[in-house]
Amino acid sequence: MSVFESLNETSNKAVDVGERFYRKSRAFYKLKIFQQLALTTGMFCKMALVGSVAFLGLVFVIVALTIYLGQILDSIILACLLVGLLMFVISAVLYALRKQIDNFVVRKLSSKFFD
């Protein structure tokens, strides 16, 4: 066997190994992308369901609180103003904590995304 035939055989083997590696890597990344898409879609669906039910519950609690305060204060208008002011205060607190909320979300998502 000549040197050229040996080099040709070795280079053919290297090409075959490279092609197998490429196919396996491609299959792996397709599966990884599918996994991430499935996890993300599931997370968004759960967030939508839980968020909508929680929002509906919050609306009922706010209406009940307004009616209760209206009975205590004998003024439904004053009760609506107080509950509205309470919602503004809660919004301001959440706005002030937005960086911590962003960091929390990034930590949770990164643990799922980079597994």
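The values are calculated or read from the model by the stated rules, or taken from the named source; none is laboratory data. What you see is a predicted model, and the numbers here were worked out from it, not measured in a lab. We place every Cβ from the backbone using ideal geometry, glycine too, and count neighbours over all the protein chains shown. Please note that ligands, DNA and RNA were not included when accessible areas were found on the heavy atoms of the full protein model with its side chains. Shrake-Rupley method; radii C 1.70, N 1.55, O 1.52, S 1.80 Å.
At-a-glance table
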item: Options Leu39, Leu31; residue that is in contact with a helix residue (DSSP H, G or I) (Cβ under 9 Å, 6 or more places away or on another chain) and either without any contact (Cβ under 8 Å) to a residue 24 or more places away in the chain or closer than 30 Å to Val106 by Cα (or both); result: Leu39
item: Residue list for the range 66-82, restricted to those being open to solvent by 100 Å² or more (accessible area, probe 1.4 Å) and part of a helix (DSSP H, G or I); result: Tyr68, Gln71, Ile77, Leu81
item: Residues (of a type in the set (Ser, Thr, Tyr), over 26 Å from Phe114 (Cα atoms) and in a helix (DSSP H, G or I)) located in the range 1-33; result: Ser6, Thr10, Ser11
item: Among the residues listed as Val89, Val93, Val63, Val59, the single one being surrounded by 11 or more Cβ atoms within 10 Å (Cβ to Cβ) and at pLDDT 95 or above; result: Val63
item: Residue ID - nearest to Gly84 (Cα to Cα), chosen from residues in the range 29-56 that are open to solvent by 100 Å² or more (accessible area, probe 1.4 Å) and among the charged types (D, E, K, R); result: Lys46
item: Scan of the range 12-28 for residues that are of a type in the set (D, E, K, R), more than 27 Å from Ser111 (Cα to Cα) and open to solvent by 100 Å² or more (accessible area, probe 1.4 Å), ordered by number; result: Lys13, Arg20, Arg23
item: Filtered residue count, the range 96-115, keeping only those that are open to solvent by less than 100 Å² (accessible area, probe 1.4 Å) and either outside any helix (DSSP H, G or I) or touching a helix residue (DSSP H, G or I) at 6+ places or on another chain (Cβ under 7 Å) (or both); result: 1
